[in-house]
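Everything below concerns the one structure shown next.
The values are calculated or read from the model by the stated rules, or taken from the named source; none is laboratory data. Worth saying up front: this structure is predicted, and the values here are computed from it rather than measured. Here the Cβ positions follow ideal geometry from the backbone for every residue, glycine too, while neighbour counts run over all protein chains shown.
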Amino acid sequence: MIDLRLLREDPDRVRASQRARGEDVDLVDALLSADELRRSSGVRFDELRNEQKSLGKLIPRATPEERTELLKKAEQLKADVKAADAAQDEADADAKRLLLQLGNIVHEDVPVGGEEDFVVLETHGTIRDFGAEGFEPKDHLELGEALGAIDMERGAKVSGSRFYYLTGVGALLELALVNAAIAQATEAGFTPMLTPALVRPRAMEGTGFLGQAAENVYHLEKDDYYLVGTSEVPLAAYHMDEIIDAAKLPLRYAGFSPCFRREAGTYGKDTRGIFRVHQFDKVEMFSYVDPADAEAEHRRLLEWEKQWLTGLELPFQVIDVATGDLGASASRKFDCEAWIPTQGKYRELTSASNCDGFQARRLSVRMRDGKKVQPLATLNGTLCAVPRTIVALLENHQLPDGSVRVPEMLRPYLGGREVLEPVAK
């Protein structure tokens with residue numbers, strides 16, 4: 001959540017942020033009113049409690065005649081205090097409800113607009129000219145089936161659409177990617193983490209995934225647990241309700257977990273193959289830092305993502321994501337999009353988001369610097385979303401005979417294989 005002091009002192013900035021996101025601007029004024037009522041309710045309760053305490057001291061010293069009147073007044077004050085306490089609780093709950101609906105304040109440099117209004121910041125690598133090489137590229141599913149790596153048919157039979165099996169060399173390729181990603185992250189100073197896939201509501205709400213993103217979240221109603229769509233959720237909640245010594249920052253974690261997403265609103269979109277699926281594995285970087293270092297850490301996360309994609313020898317571009325596509329928690333987000341030959345366009349493989357103190361306030365994660373205690377900043381960055389990375393690898397490194405060249409970086413994790421060969425029918 002945002003800092004309420006910012007809302008009170010500069011509501012126009014919050015309105016501008018909501019407008020840029022394409023969100024409800026009237027929410028700002030509703031929250032201002034609720035905050036004012038919350039504070040005035042608190043003042044009223046404190047006044048009545050003080051009056052009640054003062055009256056309590058007078059009663060023992062009062063004459064019999066005075067005591068009767070004071071006891072009558074005390075009874076009325078008791079009812080007033082109870083009513084004021086209830087009003088204060090209601091005002092607090094209303095203010096919190098509205099505050100949780102408000103997105104993070106957008107960074108001033110973020111391009112304004114929707115999904116297609118991003119700005120390309122960098123382009124890396126060379127897009128292959130398959131025509132010049134004398135063959136038409138196959139898509140990842142055709143390649144994966146020929147390699148004995150992907151089985152969509154049985155995935156659909158067992159679990160339904162957008163589920164799949166990685167088989168044989170496909171399973172080995174996932175394990176190679178995960179191990180290579182964890183190795184890079186560990187070398188960069190991240191602590192490897194295997195995280196829970198089920199979390200309580202507070203963890204999901206605290207990271208900002210129960211607002212506009214709620215339609216894509218799987219909820220187990222009987223147990224009131226949520227299946228995570230990214231290990232960002234359990235990593236952000238790892239230090240929930242803790243105060244961290246500033247000298248220990250930054251804290252960096254690399255989480256590996258299964259991820260589950262409904263993909264609501266994507267009917268008919270990317271239905272072929274494993275690009276957009278309901279379950280996948282991912283390695284996610286997560287940082288807790290001093291707010292003063294948040295922007296620099298954001299750039300560092302991006303550099304680690306670029307290092308990863310460069311090591312996989314993939315052509316990619318870096319984009320500055322527009323305001324309407326940020327999600328509730330991020331103030332700024334950089335995506336790395338890899339070239340997908342058979343689609344003829346760049347598609348998202350990684351994201352790096354600066355959430356400033358937004359998640360930390362919701363989850364009560366704070367830092368102590370001397371006597372000062374304040375929310376710290378959280379950031380997250382995808383290192384390897386496995387299925388999409390496999391899509392990009394198969395299509396970009398395919399050879400005319402249907403085999404696939406293995407990038408040098410992955411070879412040690414695939415038993416030295418230099419090429420993935422089609423299996424005999």
Expected single match for assigned to a loop (DSSP other than H, G, I, E, B) and free of Cβ contacts under 8 Å to residues at least 40 places away in the same chain among G268, G211 is G268
The condition from (1) modelled with pLDDT under 95; (2) at positive phi that G189 misses is numbered (1)
- Quick one: would you say F163 is in contact with a His (Cβ under 7 Å, 6 or more places away or on another chain) and either of a type outside the set (V, I, T) or part of a loop (DSSP other than H, G, I, E, B) (or both)? yes
_Any residue at all in region 254-265 that's closer than 22 Å to D117 by Cβ and in the same structural domain as E232 (by TED's automatic domain parsing)?_
yes
* Would you check if A83 is part of a helix (DSSP H, G or I), modelled with pLDDT of 85 or more and over 29 Å from the mean Cα position of the chain (by Cα)? => yes
If we ask which residues in region 393-408 are surrounded by 18 or more Cβ atoms within 10 Å (Cβ to Cβ) and part of a helix (DSSP H, G or I), their number turns out to be 4
Being of a type outside the set (K, R) and not in a helix (DSSP H, G or I) narrows H219, H298 down to just H219
Counting only residues in region 234-265 that are among the aliphatic types (A, V, I, L, M), part of a strand (DSSP E or B) and more than 26 Å from E174 (Cα to Cα), the one nearest to the chain's Cα centre (by Cα) is identified as L251
- Query: Does region 236-249 include one or more residues that are aliphatic (A, V, I, L, M), over 30 Å from D151 (Cα atoms) and without any contact (Cβ under 8 Å) to a residue 60 or more places away in the chain?
  - Reply: yes
The condition from (1) surrounded by fewer than 16 Cβ atoms within 10 Å (Cβ to Cβ); (2) over 20 Å from the mean Cα position of the chain (by Cα) that T191 misses is numbered (2)
Picked from region 194-208 (must be in a helix (DSSP H, G or I) and free of Cβ contacts under 8 Å to residues at least 60 places away in the same chain), the residue surrounded by the fewest Cβ atoms within 10 Å (Cβ to Cβ) is P201
Would you check if there is a residue in region 369-383 being acidic (D, E), modelled with pLDDT under 95 and either outside the structural domain of A296 (by TED's automatic domain parsing) or over 27 Å from G229 (Cα atoms) (or both)? yes
L314 vs (1) surrounded by fewer than 22 Cβ atoms within 10 Å (Cβ to Cβ); (2) part of a loop (DSSP other than H, G, I, E, B); (3) in contact with a His (Cβ under 9 Å, 6 or more places away or on another chain): all pass except (1)
Given the conditions (1) among the basic types (K, R); (2) in contact (Cβ under 8 Å) with a residue 12 or more places away in the chain; (3) under 30 Å from V373 (Cα atoms), every one holds for R262 apart from (3)
| Does L102 satisfy the criteria of being crowded, with 19+ Cβ neighbours inside 10 Å, under 30 Å from L210 (Cα atoms) and not small (G, A, S)? | yes
- Query: Has region 366-389 got at least one residue that is touching a residue at least 60 places away in the same chain (Cβ under 8 Å), under 23 Å from A213 (Cα atoms) and of a type in the set (D, E)?
  - Reply: no
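Quick grid of which residues meet (1) of a type in the set (S, T, N, Q); (2) under 30 Å from D129 (Cβ atoms); (3) touching a His at 6+ places or on another chain (Cβ under 9 Å); (4) not in a strand (DSSP E or B):
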site: A338; (1), (2), (3), (4): no, yes, no, no
site: T342; (1), (2), (3), (4): yes, yes, yes, yes
site: E348; (1), (2), (3), (4): no, yes, no, no
site: S351; (1), (2), (3), (4): yes, yes, no, no
site: N380; (1), (2), (3), (4): yes, no, no, no
site: V391; (1), (2), (3), (4): no, yes, yes, yes
site: R411; (1), (2), (3), (4): no, yes, no, yes
site: G416; (1), (2), (3), (4): no, yes, no, yes
site: V423; (1), (2), (3), (4): no, yes, no, yes
Among Q88, Q18, Q76, Q101, the single one that is polar (S, T, N, Q) and touching a Phe, Trp or Tyr at 6+ places or on another chain (Cβ under 8 Å) is Q88
